[in-house]
1. Could you check the range 264-279 and list, in sequence order, the residues that are of a type in the set (A, V, I, L, M, F, W, C) and either more than 25 Å from Arg199 (Cβ to Cβ) or modelled with pLDDT under 90 (or both)?
2. Given the residues Ile51, Ile31, Ile11, which is the only one that is surrounded by 13 or more Cβ atoms within 10 Å (Cβ to Cβ), of a type in the set (A, V, I, L, M, F, W, C) and over 34 Å from the mean Cα position of the chain (by Cα)?
3. Out of the range 81-111, which residues are more than 17 Å from Leu66 (Cα to Cα), in a helix (DSSP H, G or I) and not charged (D, E, K, R)?
4. Are there any pairs, at least 6 apart or on different chains, whose C-beta atoms fall under 7 Å, with the first in the range 189-212 and charged (D, E, K, R) and the second open to solvent by less than 30 Å² (accessible area, probe 1.4 Å) and assigned to a helix (DSSP H, G or I), and if so, which?
5. Among the helices (runs of 4 or more DSSP H) lying completely within the range 185-294, list those that include at least 1 residues that are touching a Pro at 6+ places or on another chain (Cβ under 6 Å) and within 26 Å of Leu78 (Cα to Cα).
6. Can His33 be described as part of a strand (DSSP E or B) and in contact with a Cys (Cβ under 7 Å, 6 or more places away or on another chain)?
7. From the list Glu76, Glu42, which residue is crowded, with 16+ Cβ neighbours inside 10 Å and either modelled with pLDDT of 90 or more or in contact with a strand residue (DSSP E or B) (Cβ under 9 Å, 6 or more places away or on another chain) (or both)?
8. For the range 86-112, name all the residues that are touching a helix residue (DSSP H, G or I) at 6+ places or on another chain (Cβ under 7 Å), under 19 Å from Ala269 (Cα atoms) and open to solvent by 10 Å² or more (accessible area, probe 1.4 Å).
Amino acid sequence: MPKVQAYVYDITQGMASRMSMAMLGKQIDVIPHTGIVVFGKEYFFGSGPCIGEPGKSVPCAVHQILDLGETAKTPEELEAHIAQVLAREHTAEAYNLLSHNCNHYADDVAKFLLSGKGLPADIVHIAEEALSTPRGQALRAIIENFERQMRGGAPAGGLNPFGHVGPAAPQSAPGAAPAVAPELEEALREIGENPVEVRRLCLQTLLKITENVEKNPGEAKFRRIKMENKVFSQKVAECHGGTEALLAAGWVPSTHDGEDVWFMDDVTAGRQAGNRQRFAAEVAKLPAEPQRQAPVQATPPPNPMGMGGMGGMGGMGGMGGMGGMGGMGGMPGGMPGGMNPQMMAQAQQMMQSNPQMMAQAQQMMQDPQMMAQVQQMMQNPQMMAQMQQMMGGMGGGGGF
């Protein structure tokens, strides 16, 4: 099988090794630019996804060659994946010297070729490592600010040291959607015959699983769906045209560990851009999803408010020290009006059965500020209505 290698270049051409300790307070030997060499070509990020001659793609010498493994992929499969997936994520506009650079692109190429195995972490995360010191953090702020300023004048590329390098790898023509199987178009027509909410669940599910596969073509877990999955069956298999859409998108019935599954091979997984676009287009055509309204609760009639000095609580069976709460401990005239008798009885029962609540109530009665807040609450019709409703739902509160 073809060998996969990483060609690592030092973009500082030795300066990092000599100056990093003074500048960063940490020894950094190389600031890498990486290309993936396979099939006699070097795949790297320059002005965009590019293909070049190994070791001669960028204007500096190769610092190190790493053997990453062997691949079962073909050149056609790799370049289709670059055109349909990677070229959409790795663009000149999306380039960021610290967080989305040539090494991240090379890492994604390697992961596709080697079923999820990418570059060594010290290459992919060199920026985090180099700028982890206090001096490095200060330098990070300078770099980020400088890149923002550069993008303000020249948006494509930012601080990409090889933003002028090409030629670019083959990409889909701008605005041209990748080809979609006629069988999928027929399946989408059948799905369109279902009631709108059935269509919505089916199309949204198809779109989600296709996005997962497109973003993670090397991850087997995204390319395998259990047929016994009830939620999936209800949303897709039970929708007229749903199973046909699965088949047309490249899913096939299979078995895994003795279970029936829908399965997609990794080659087909790298060609899902067109299917994803069609599912997204169909979802966009759906009418707006109806908003769910919370059930309307009946509002109790306004209480006359005022608790007539809460005299109706007549000592609350054991709260003798509270003098029947008459006048609420010296509040002028107590609480005006009268409380709902049922609510009064429930409150009394709770107090009698809960000594801790009794003690808290007595402590509250001795706090003028707290009592002022209670009085203010009692004068709020909505608050009183909610309190009465809550206590009414407690069925007497005997076990509170």
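1. Applying the first criterion (of a type in the set (A, V, I, L, M, F, W, C)) to the range 264-279 yields 264, 267, 269, 273, 279.
Answer for the range 264-279, where residues must be of a type in the set (A, V, I, L, M, F, W, C) and either more than 25 Å from Arg199 (Cβ to Cβ) or modelled with pLDDT under 90 (or both): Val267, Ala269, Ala273.
2. On the way: Ile51 fails: over 34 Å from the mean Cα position of the chain (by Cα); Ile31 fails: over 34 Å from the mean Cα position of the chain (by Cα).
The unique qualifying residue is Ile11.
3. Within the range 81-111, His81, Ile82, Ala83, Gln84, Val85, Leu86, Ala87 qualify.
4. Hits for this filter: Arg199/Ile191.
5. Details: elements: 196-215, 242-249, 266-269, 273-285.
By residue number, 266-269, 273-285.
6. Details: part of a strand (DSSP E or B): yes; in contact with a Cys (Cβ under 7 Å, 6 or more places away or on another chain): yes.
Yes.
7. Working: Glu76 fails: crowded, with 16+ Cβ neighbours inside 10 Å.
After applying the criteria, what remains is Glu42.
8. Those that are touching a helix residue (DSSP H, G or I) at 6+ places or on another chain (Cβ under 7 Å), under 19 Å from Ala269 (Cα atoms) and open to solvent by 10 Å² or more (accessible area, probe 1.4 Å): Asp107, Asp108, Phe112.
The values are calculated or read from the model by the stated rules, or taken from the named source; none is laboratory data. Everything numeric here is computed off the predicted structure, so don't read it as measured data. Every residue, glycine among them, receives a Cβ derived from its backbone with ideal geometry; neighbour counts consider all protein chains shown. Just the protein is used for accessible areas: all its heavy atoms, side chains included, with ligands, DNA and RNA removed. Shrake-Rupley method; radii C 1.70, N 1.55, O 1.52, S 1.80 Å.
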